[in-house]
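Heads up: the structure comes next, in structure tokens.
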Amino acid sequence: MNSETIHTLAVLVENRPGVLARISGLLSRRAFNIESIAAGPTEEPDVTRITLVVRGNEDTLGQVTSQLGKLVDVIKIADMTSGNCVHRELALIKVAAPEERRRSIIDIVEIFRAKIVDVHKEALVIEMSGEETKIDALLDILKDYGIIELARTGRITLGRGPVPAKAST
Amino acid sequence: MSAVPEVNVRSGVEERDPATVCQEVPNPSTRMTGAQMVIEALKAEGVEVVFGYPGGAVLPLYDALYDSGLRHILTRHEAGAAHAADGYARATGRVGVCIATSGPGATNLVTGIANAYMDSVPVVAFTGQVALPLLGRDSFQEVDITGITLPITKHNFIVKDLQRLPRTIKEAFYIARTGRPGPVLIDIPKDITQTEGYYRYPKEVSLRGYRPIFEGSIEAVEQAAEEIVRARRPVLFIGGGVTISNTWNSIREIVELTGIPVVSSLMGLGNFPGDDPLFLGMVGMHGTYAANMAVSECDLLLGIGVRFDDRVTGKIDEFAPNAKIIHFDIDPAEIGKNVRVDVPVVGDLRWSLSALLECLKDDDFVACDHRRGRGRLDEWQETVTRWKTERPLTYRQSDPDAECSIKPQYVIEEIYRVTDGNAVVVTDVGQHQMWAAQYYTHKRPRSFITSGGLGTMGYGLPAAIGAQVGRPGEVVFLVSGDGSLLMNCQELVTASEQRLPVKIAVFNNMYLGMVRQWQEFFFGKRYSHSCLNGSADYVKLAEALGCNGLRVTKARDVRAGLERAMSLNGPVVIDFRICPEENVLPMVPAGGSLAKMMGCFPEG
Ligand SMILES: Cc1ncc(C[n+]2csc(CCOP(=O)(O)OP(=O)(O)O)c2C)c(N)n1
Ligand SMILES: [Mg+2]
């Protein structure tokens with residue numbers, strides 16, 4: 001029970017100035033280990049959804065949840081750790097691609113069902129979305145070609161089935 | 001934080017909120033400036049007094065205050081205003097209000113806000129801000145006070161839209177005083193206070209992200225009651241939550257029914273009569289032998305409105321090692337934060353304690369128990385009573401005629417006598433604070449006002465002013481130190497100007513005594529910068545700032561000095577020349593086990 005694992009939380013917050021500062025400030029102040037944090041608008045214009053990936057044991061998770069719950073701007077916190085969720089992350093990868101190696105990179109991209117979104121005579125920009133492990137696997141292979149630049153969004157998550165996080169218990 | 005993506009925040013969301021729209025029905029009779037709205041809102045909240053200090057960004061607000069009929073007390077530093085609002089709130093149970101201008105005025109509030117935050121005190125702080133067009137440009141006296149106070153407020157606001165001002169004030173008061181209380185700051189740009197708009201104060205607050213819990217799980221309460229029936233060595237550990245929820249009567253009733261001995265945190269003192277045979281005293285670093293032993297030996301610890309601070313628990317692994325721990329608290333985040341909890345009872349103490357009492361009054365329980373635990377807890381009560389009588393708090397009396405070696409503990413005992421134990425005791429921070437906690441027999445709730453969580457030197461004098469303003473008919477006695485008093489001594493002027501009869505005892509040991517004590521014990525007596533050399537004359541200081549000043553140098557004169565102070569009308573400072581190297585004992589060294597106290601035997 002008290003071993004360290006990865007937990008995913010969907011945090012619905014008021015879309016107000018400074019709300020992210022409140023959340024990230026609290027997390028760093030209380031020394032919680034955050035693997036990723038991703039925020040964006042939702043189906044409701046005044047609600048922002050923040051997906052947090054936290055590393056820790058059950059106690060840490062309880063603390064993160066109850067401390068976040070105290071923030072006035074936090075409307076709802078849903079634990080999305082269970083298997084019944086879809087996790088995705090988006091990565092943009094700029095990889096060195098001189099003419100002689102371009103073809104083999106394109107092959108890899110196809111195998112991974114990723115996309116090439118920019119082509120230059122020296123480099124390609126690849127777009128890849130999927131679970132983190134899949135992105136990691138692609139990166140592992142591209143490493144040998146020379147990754148010039150990498151941007152990742154951090155995990156976003158939705159539960160499977162019709163019930164939204166805001167209605168979960 | 002810079003790594004965090006910033007969301008695309010749409011402006012104008014607030015205006016679309018239906019709650020606001022229906023409130024803003026134009027009504028010509030309620031057109032006024034933002035500054036006037038603040039005054040009207042304060043009146044609507046029942047605010048009787050505000051503590052503050054003016055400046056450029058709050059000029060419009062002060063102009064509206066001028067003939068508002070609201071009582072405003074001009075402190076002589078914004079720190080004083082924040083602490084006074086805090087002291088007022090603790091003494092009365094109402095929300096304390098303070099006002100400061102932008103920039104340095106606002107930053108001067110910061111310590112006071114942090115202090116109120118640590119001890120869960122309801123305070124609403126208003127700060128002026130530069131006008132909206134100047135915001136974010138490092139304008140004159142601009143500071144990001146909502147950013148600065150983010151981690152030390154329960155919530156804060158910056159009002160960028162006049163329409164939202166009334167509702168924001170309503171929400172601020174609501175958030176400050178409900179649930180687990182705390183300070184809330186409202187930052188108002190100057191132009192917002194100067195603009196005119198329609199005023200309508202909302203009757204209700206609806207915040208979907210803030211719904212303080214009242215009731216929790218009744219099963220948890222029942223489980224707590226069962227544990228109480230089973231326990232053979234139970235201890236009730238009470239804290240500041242009992243004060244905040246006004247549930248001291250429930251505590252007394254629980255003890256009447258069950259006979260469980262009581263220990264208290266610093267913040268809980270006064271919630272259970274200090275002279276009751278079942279009261280064992282304060283627990284923790286400078287707790288009594290009986291209280292610390294009881295916690296170390298108990299089989300059931302009922303923590304009520306406490307947060308298991310490190311000054312209380314000492315070494316966590318050895319805290320209440322043989323006990324099941326039941327934790328009653330309104331804040332779920334407190335459960336398991338510092339100690340393992342076997343039975344959490346989350347909810348307002350007003351609910352949980354009365355639910356517990358109902359369980360305890362149940363026939364099944366009464367059948368297996370007797371009033372005050374007679375029979376069932378006999379052995380345990382005997383044990384704790386023996387600890388209490390065999391190792392009480394003691395000190396060695398000094399020669400009554402010796403100069404400058406009055407025992408501080410004796411002064412506290414004498415303050416207790418001349419005030420019949422009925423004073424509102426306020427303290428600063430240091431050794432004198434601990435002596436006031438230990439040697440005054442605290443019998444009334446809301447009558448021991450001290451900076452617990454933050455340990456803020458300089459808190460005492462302004463807090464005493466706030467307490468006296470809130471409880472004008474009562475004796476307010478400040479126990480301060482020669483170090484602490486100077487940290488906000490400008491407020492002596494406020495006390496004299498307001499003719500507040502605060503009694504101020506300066507425990508003058510010519511040291512930052514608590515620092516010196518740690519240096520003596522843990523740093524080989526290297527008194528690095530803790531000696532105050534006695535160069536300040538507190539009598540002259542008092543007189544210069546419009547107060548009475550007295551000096552007492554011998555133990556023999558302590559009583560007469562105190563009686564003289566009691567007979568004077570205005571504020572009075574009494575400079576007690578106490579024994580410079582007296583230590584606060586017993587003591588559990590930081591991080592040590594409560595069962596291993598130093599200096600709890602009368603003869604060392
Ligand atoms: C604002 C602030 N600065 C520093 C400290 C650290 N500190 C704790 S007790 C103490 C000494 C207090 O001296 P005094 O007011 O004379 O009280 P005494 O211990 O001598 O009774 C100090 C410096 C503090 N608590 N608060
Ligand atoms: Mg001192």
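The values are calculated or read from the model by the stated rules, or taken from the named source; none is laboratory data. Predicted, not measured: the structure shown is a model, and the values here were computed from it. Virtual Cβ from ideal backbone geometry, glycine too; neighbours counted across all protein chains shown. These accessible areas exclude ligands, DNA and RNA; they are computed on the full protein's heavy atoms, side chains included. Shrake-Rupley method; radii C 1.70, N 1.55, O 1.52, S 1.80 Å.
Restricting to bridges with both residues inside the stretch B:21-206, how much of the DSSP beta-bridge set is antiparallel, in percent to the nearest 5? If you can, show how the numbers build up before the last one.
Values: 3 of 25 bridges.
Of the beta bridges lying entirely in the stretch B:21-206, close to 10 percent run antiparallel.
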Q. Which value, in square angstrom to the nearest 100, describes the accessible area buried between chains A and B on both sides, using a 1.4 angstrom probe?
A. 2500 Å²
Q: Determine the distance separating the Cα centre of the stretch B:201-276 from the Cα centre of the stretch B:500-571; give it in Å without decimals.
A: 37 Å
Q. Sorted by accessible area (1.4 Å probe), largest first, how do B:VAL429, B:VAL588 line up?
A. B:VAL429, B:VAL588
Q | 5 angstrom amide H check on A:SER36, placed H, neighbours 5+ away | A | A:VAL53
Q: Treat every Asp and Glu Cβ in the stretch B:218-390 as -1 and every Lys and Arg Cβ as +1, leave all other atoms uncharged, and give the resulting dipole magnitude about the Cα centre to the nearest 20 debye.
A: 400 debye
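Of the accessible area of the stretch B:218-390, with the probe set at 1.4 angstrom, what percent is carbon plus sulfur?
On the way: 2950 of 6280 Å².
Its accessible area is 47 percent carbon and sulfur atoms.
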**Q.** Percent accessible area from carbon and sulfur atoms, the stretch A:5-82, protein chains only, probe 1.4 Å
**A.** 50 percent
Q | Extension gain from A:ARG30 to A:LEU92, taking 0.36 nm per residue of separation minus the Cα-Cα distance | A | 19.2 nm
Q.
Distance cut-off 19 Å, Cα to Cα: go down the list A:LYS76/B:LYS203; A:LYS70/B:LYS337; A:LYS134/A:LYS166 and report the pairs above it.
A. A:LYS76/B:LYS203; A:LYS134/A:LYS166
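Let me know the charge dipole size of the protein assembly as shown about its Cα centre in debye, to the nearest 20, where only the beta-carbon of Lys, Arg (+1) and Asp, Glu (-1) is charged.
On the way: 82 positive and 95 negative charges, 126 e Å.
For the protein assembly as shown, the charge dipole is close to 600 debye.
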Q: Report, to the nearest whole %, how much of the accessible area of the stretch A:116-169 belongs to carbon and sulfur atoms, 1.4 Å probe, protein only.
A: 55 percent
Q: Counting other Cβ atoms within 10 Å, keep those with at most 16, restrict to DSSP loop, and tell me which GluC sites (Glu not before Pro) in the stretch B:381-462 are left.
A: B:GLU403
Q.
Can you compute 3J(HN,Hα) from phi for each residue in the stretch A:131-139, using the Karplus curve 6.51 cos²θ - 1.76 cosθ + 1.60 with θ = phi - 60°, rounded to whole Hz and x for Gly and Pro?
A. 6, 3, 4, 5, 4, 4, 5, 4, 4
Q: Using only C-alpha atoms and all pairs of different ones, pull out the Kirkwood radius for the stretch B:515-558 in Å with one decimal.
A: 13.0 Å
Q) Once phi is turned into ³J(HN,Hα) by the Karplus curve 6.51 cos²θ - 1.76 cosθ + 1.60 with θ = phi - 60°, what whole-Hz value does each residue of the stretch B:273-281 show in order, with x for glycine and proline? A) x, x, 9, 6, x, 8, 8, 9, x
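Mean projection of the alpha-carbon convex hull of the protein assembly as shown over all orientations, in nm²? Could the numbers behind the result be given before it?
Working: hull surface 156.7 nm².
Spelled out: convex hull of the Cα atoms, projected over all directions, averaged, 39.2 nm².
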Q. How far is it, in nm, from the label point at B:ARG564 to the one at B:ILE316 when both lie 7 Å from their Cα along the line to the Cβ?
A. 5.2 nm
Q: Between B:GLN490 and A:ILE148, with labels modelled 7 Å along Cα→Cβ, what's the label distance in nm to one decimal, could you check?
A: 5.9 nm
Q: Indicate the helices, whole DSSP H runs only, in chain B that combine a mean Kyte-Doolittle hydropathy of 0.5 or more with a Cα extent along their long axis of 27 angstrom or more.
A: none
Q.
Would the stretch B:218-390 count as rounded, prolate or oblate if I go by the C-alpha gyration tensor, calling it rounded below 1.5 in a/c and otherwise prolate when a/b exceeds b/c, oblate otherwise?
A. rounded
Q) If you take the C-alpha gyration tensor of chain B, multiply each eigenvalue by 5 and take the square root, what semi-axes do you get, largest first, in whole Å? A) 41, 33, 21
Q. Rounded to the nearest whole Å², what accessible area per residue is found for chain A with the 1.4 Å probe?
A. 51 Å²
Q.
Given a 1.4 Å probe and heavy atoms of the protein chains only, how would you sort B:PHE507, B:PHE523, B:PHE140, largest accessible area at the top?
A. B:PHE140, B:PHE523, B:PHE507
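Restricting to Cα pairs below 8 Å that are 6+ residues apart, what does the relative contact order work out to for chain A? Please round to a whole percent. Show your work: numbers first, answer last.
Working: 301 pairs, mean separation 45.0, N = 169.
The normalised contact order for chain A reaches 27 percent.
Explain nothing, just the number: relative contact order of the stretch A:86-156, from Cα pairs under 8 Å at least 6 residues apart, as a whole percent.
Numbers: 118 pairs, mean separation 36.3, N = 71.
The normalised contact order for the stretch A:86-156 reaches 51 percent.
On a full-extension model of 0.36 nm per residue, what is the gain between B:LYS203 and B:ILE218, subtracting their alpha-carbon distance, rounded to one decimal in nm?
Details: separation 15, 0.36 × 15 = 5.40 nm, distance 3.15 nm.
Result: 2.2 nm gained on full extension.
List the GluC sites (Glu not before Pro) within the stretch A:1-105 that DSSP assigns to loop and that have no more than 12 neighbouring Cβ atoms inside 10 Å.
Counting only loop positions with at most 12 other Cβ atoms within 10 Å, the GluC sites (Glu not before Pro) in the stretch A:1-105 are A:GLU4, A:GLU43.
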Q: Please list, in chain and number order, the residues 5+ apart from B:VAL143 or on another chain whose amide H is under 5 Å from its amide H, with Hs placed from the backbone.
A: B:GLY103, B:VAL130
**Q.** Cα-projected label distance for A:ILE6 with A:GLU131, points at 7 Å along beta-carbon direction, nm
**A.** 0.9 nm
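With Cβ to Cβ distances under 13 Å as the rule, what net charge do the other residues near B:ALA116 carry (K, R +1; D, E -1)?
Working: positive: B:ARG90, B:LYS154, B:ARG177, B:ARG180; negative: B:ASP86, B:ASP119.
Net charge in that neighbourhood comes out at +2.
Which semi-axis lengths, in whole Å and largest first, follow from the square roots of five times the eigenvalues of the Cα gyration tensor of the stretch A:77-169?
Ellipsoid half-lengths, sorted descending, are 33, 11, 10 Å.
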Q | A:ILE75 long-range amide H proximity, modeled H, under 5 Å | A | A:LEU12, A:VAL13, A:GLU14
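Is there a quick way to get the dipole size of chain B? I mean about its Cα centre, with the Cβ of Lys and Arg at +1 and of Asp and Glu at -1; what is the value in debye to the nearest 20? Show your work: numbers first, answer last.
Numbers: 60 positive and 71 negative charges, 104 e Å.
Charge dipole of chain B: 500 debye, to the nearest 20.
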Q.
Whole-Hz ³J(HN,Hα) for each residue in the stretch B:454-459, computed from phi via Karplus 6.51 cos²θ - 1.76 cosθ + 1.60 with θ = phi - 60°, x for glycine and proline: what do you get?
A. 8, x, 8, 4, x, 6
Q.
If I take R0 = 41 Å and measure r between the Cβ atoms of B:GLU379 and B:TRP518 in this structure, what FRET efficiency does the formula 1/(1 + (r/R0)^6) give, to the nearest 0.05?
A. 0.60
Q) How much of B:LYS554 can a 1.4 Å solvent probe reach, expressed as accessible area in Å² and rounded to 10? A) 60 Å²
Q) Got a sec? Which residues of the stretch A:38-58 lose 30 Å² or more of accessible surface with every protein chain in place, vs. that chain alone, 1.4 Å probe? A) A:PRO41, A:PRO45, A:ASP46
